[in-house]
Amino acid sequence: MRISSSLFCLHGLCFSLALLLIPPGYAERIQDLTTLQGVRSNSLLGYGLVVGLDGTGDQTMQTPFTTQSLNNMLSQLGITVPSGTNMQLKNVAAVMVTADLPPFARAGEKIDVVVSSMGNAKSLRGGTLLMTSLKGVDNQIYALAQGNLLVSGAGAQSGGSRVQVNQLNGARISGGATVEREVPTQFGLENVLRLQLKEEDFALAQRISDEINHRYGAGTAMAENARVIKLFAPSDNTEKVRFIARIQNLSVKTGPREARVVVNSRTGSVVINRHVTLEACAVAQGDLTVEISRSNQVSQPDTPLAGGETAVVPDTQISLREQNGALQKVNTSADLNAVIRALNGLGATPNDLMSILQSMKSAGCLRAQLEMN
């Protein structure tokens, strides 16, 4: 059975190709390539209650922890609930509260929080989060959260039907938590700092070290490995901040990146970060057959490719066959983009594309790093 583009669209399968060509010698700031070791955010977590819901809260028969939490809170406020009382808490929901404590955060600062239902509440819209302690991994309280929830999204109603395009059991509170405890840092106490590359690369680490030494003198920076560059900073805190600011704004030529092909299994998208070539190979996948062959052609002096001299020019042909014998040929320099475009034109599914690329990589035909997400 012929795989057609109409069938491809009928099943709702989509394919997108993004090609990002990075020219050789592309310069980037050190700030975009590295992070300062020890300067990072910390995750906070808390458990709390949301009140003021319009009958969309937890069903207490299925979520007894909501009733237990409310009883504990009321007892702390001096209110005793008689034992055995059946509390119908349709306006209350138990939630988990998360936040990121930024580096150098001081007591009194406001940070954003995310509130997520952990029971069977239908919606958190219109609710108010009661005071919730946010703790770090050391079980210490670092912030207190409280405020009105904001549930973003869109809704549409036509006749008797209603469509909701968002998640009603998650919400945010902008500036909803106040920092109560500061995280100790060693930044101002040490003269030796370390930059961490976001991706390990020996060559890039050495280039960054060389650029810093060229600007600030030999011995200022030292590449310890493929990810860490050691810096010898001034002892004064003010000079240290100025030193880091200047270094982060330096530009370094990154050079060509490693060829990489990223395939998203959920959407069928393929992203290629540079020009990827293919070697001779043949792959059969379902109704499709991909054949890549190479041969040499002699270019005479009077041809444009020869440049006045006899030259041997490699010629590559890509053939794509379907089960019914239909043939599509592409004369190209055997780059992956042409193969993917041709497969997409024949109506190949995302699963076909992933299987073909994986087979090419296993056979040594694909000259790139292949990642499946």
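Go through V97, V51 for me and flag whichever is over 15 Å from E180 (Cα atoms), touching a Gly at 6+ places or on another chain (Cβ under 8 Å) and modelled with pLDDT of 95 or more. Walk me through it before giving the result.
Values: V51 fails: modelled with pLDDT of 95 or more.
Exactly one of V97, V51 is over 15 Å from E180 (Cα atoms), touching a Gly at 6+ places or on another chain (Cβ under 8 Å) and modelled with pLDDT of 95 or more, namely V97.
Name, by its number, the condition in (1) surrounded by 15 or more Cβ atoms within 10 Å (Cβ to Cβ); (2) under 30 Å from L130 (Cβ atoms) that does not hold for A205.
With (1) surrounded by 15 or more Cβ atoms within 10 Å (Cβ to Cβ); (2) under 30 Å from L130 (Cβ atoms) applied to A205, the lone miss is (2).
Here are the criteria: (1) touching a Lys or Arg at 6+ places or on another chain (Cβ under 7 Å); (2) surrounded by 11 or more Cβ atoms within 10 Å (Cβ to Cβ); (3) at pLDDT below 95. Tell me which single one V192 does not satisfy.
V192 satisfies all of (1) touching a Lys or Arg at 6+ places or on another chain (Cβ under 7 Å); (2) surrounded by 11 or more Cβ atoms within 10 Å (Cβ to Cβ); (3) at pLDDT below 95 except (2).
Sort out which residues of region 167-186 are of a type outside the set (S, T, N, Q), in contact with a strand residue (DSSP E or B) (Cβ under 9 Å, 6 or more places away or on another chain) and on the phi < 0 side of the Ramachandran plot, and write them in order of number. Give the steps one after another, and end with the answer.
Step one: of region 167-186, the residues of a type outside the set (S, T, N, Q) are 168, 170-173, 175-177, 179-184.
Cutting the leftovers down to in contact with a strand residue (DSSP E or B) (Cβ under 9 Å, 6 or more places away or on another chain) gives us 168, 170-173, 175-177, 179-183.
Passing the criteria: L168, G170, A171, R172, I173, G176, A177, V179, E180, R181, E182, V183.
Suppose the filter is farther than 30 Å from N344 by Cβ, among the β-branched types (V, I, T) and either buried (at least 18 other Cβ atoms within 10 Å of the Cβ) or not assigned by the TED database to the domain that holds M118 (or both); does I272 pass it? Before the answer, list the steps.
On the way: farther than 30 Å from N344 by Cβ: no; among the β-branched types (V, I, T): yes; either buried (at least 18 other Cβ atoms within 10 Å of the Cβ) or not assigned by the TED database to the domain that holds M118 (or both): yes.
So I272 fails the test.
What tally of residues in region 123-145 results from selecting those that are farther than 25 Å from Q76 by Cα and in contact with an Asp or Glu (Cβ under 9 Å, 6 or more places away or on another chain)?
3
Quick one: in region 212-230, which of the residues that are of a type in the set (A, V, I, L, M) and more than 29 Å from the chain's Cα centre (by Cα) is farthest from I244 (Cα to Cα)?
Going through the qualifying residues, I end up with A218.
Between a residue in region 57-82 that is closer than 17 Å to L129 by Cα and modelled with pLDDT of 80 or more and any residue that is exposed (fewer than 10 other Cβ atoms within 10 Å of the Cβ) and among the charged types (D, E, K, R), which pairs come within a Cβ distance under 9 Å, given they are 6 or more apart or on different chains?
Partner pairs satisfying both residue conditions: none exist.
Rundown of residues vs (1) surrounded by 14 or more Cβ atoms within 10 Å (Cβ to Cβ); (2) at pLDDT below 60; (3) more than 30 Å from Q37 (Cα to Cα), yes/no style:
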position: L250; (1), (2), (3): yes, no, no
position: T254; (1), (2), (3): yes, no, no
position: S265; (1), (2), (3): no, no, yes
position: L278; (1), (2), (3): yes, no, yes
position: S293; (1), (2), (3): no, no, yes
position: L305; (1), (2), (3): no, yes, yes
position: V313; (1), (2), (3): no, yes, yes
position: I318; (1), (2), (3): yes, yes, yes
position: E322; (1), (2), (3): yes, yes, yes
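Of the residues E180, E199, E211, which is free of Cβ contacts under 8 Å to residues at least 40 places away in the same chain, out of contact with any Lys or Arg (no Cβ under 7 Å at 6 or more places or on another chain) and not small (G, A, S)?
Working: E180 fails: free of Cβ contacts under 8 Å to residues at least 40 places away in the same chain; E211 fails: free of Cβ contacts under 8 Å to residues at least 40 places away in the same chain.
Being free of Cβ contacts under 8 Å to residues at least 40 places away in the same chain, out of contact with any Lys or Arg (no Cβ under 7 Å at 6 or more places or on another chain) and not small (G, A, S) holds for just one of E180, E199, E211, which is E199.
Go through region 357-373 and report how many residues are among the small types (G, A, S) and part of a loop (DSSP other than H, G, I, E, B).
Of region 357-373, the ones among the small types (G, A, S) are 359, 362-364, 368.
Then drop every residue that is not part of a loop (DSSP other than H, G, I, E, B), which leaves 363-364, 368.
The number of residues fulfilling the criteria is 3.
The values are calculated or read from the model by the stated rules, or taken from the named source; none is laboratory data. Just so you know, these numbers come straight off a predicted model, no measurement behind them. For neighbour counting, all protein chains shown are included, and Cβ atoms are generated from backbone atoms with ideal geometry for every residue, glycine included.
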